Amino acid sequence: MAKEGRVLEVIEELGFTPEEDRNIIVKYRSDNLAGKIEDFFSGDFYILQICENEIILLKVLKGMLGFKTNLKKEKISLAIPKDEIEKVDVTEGQFNYDIDIYTRNSVIKLTAQVKGLSSLRTSGSLSIESFFKGTTWHGENVDETVKELKTIKNQ
């Protein structure tokens, strides 16, 4: 699990300016059934962070004893400058948001668990702030982060 404050601290140490409360847990999304089944069992999780000038993804490491976020040793998996983003499409399903980030040369397809069930799913276990209160920064941030993602486009 990763505390949101620690996530922001590491991102700043890496030279980015993160926007507060604009980070969520995501996975890459496959469009075919075989890919969806494979992702369900073995897909990697990432922290998506909206920063001042880019959107970045930090990989969440899986250890032998479960999930962990070893942010101190982690490097940026992907940094997308905002001025290279043509548009972001977000579709809300019953369990997940589908997030498509379009650049001139590619489409990055991600999925994020919706707020309602996130505390019971992987995004909750990876983003828990208080075990006793049951709060997760993913659940607290997902609605506003998705709303802001929809507004990002190349001017």
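The values are calculated or read from the model by the stated rules, or taken from the named source; none is laboratory data. Here the structure is a predicted model, which is why all the values come from computation and not from measurement. Because the Cβ atoms are built from the backbone with ideal geometry, glycine has one as well, and the counts that use them run over all protein chains shown.
Residue count for the range 17-33 under the criterion of being surrounded by 18 or more Cβ atoms within 10 Å (Cβ to Cβ) and under 15 Å from Ile76 (Cβ atoms): the result is 3.
Cβ-Cβ contacts under 7 Å between residues 6 or more apart (or on different chains), taken from a first residue in the range 42-61 that is farther than 18 Å from Asp98 by Cα and surrounded by 21 or more Cβ atoms within 10 Å (Cβ to Cβ) to a second residue that is at pLDDT below 90 and hydroxyl-bearing (Ser, Thr, Tyr), are listed as Leu58/Tyr46; Leu58/Ser77; Val60/Tyr46; Val60/Thr69. Looking across the range 80-118, the residues that are in contact with a His (Cβ under 9 Å, 6 or more places away or on another chain) and part of a strand (DSSP E or B) come down to Ala112, Gln113.
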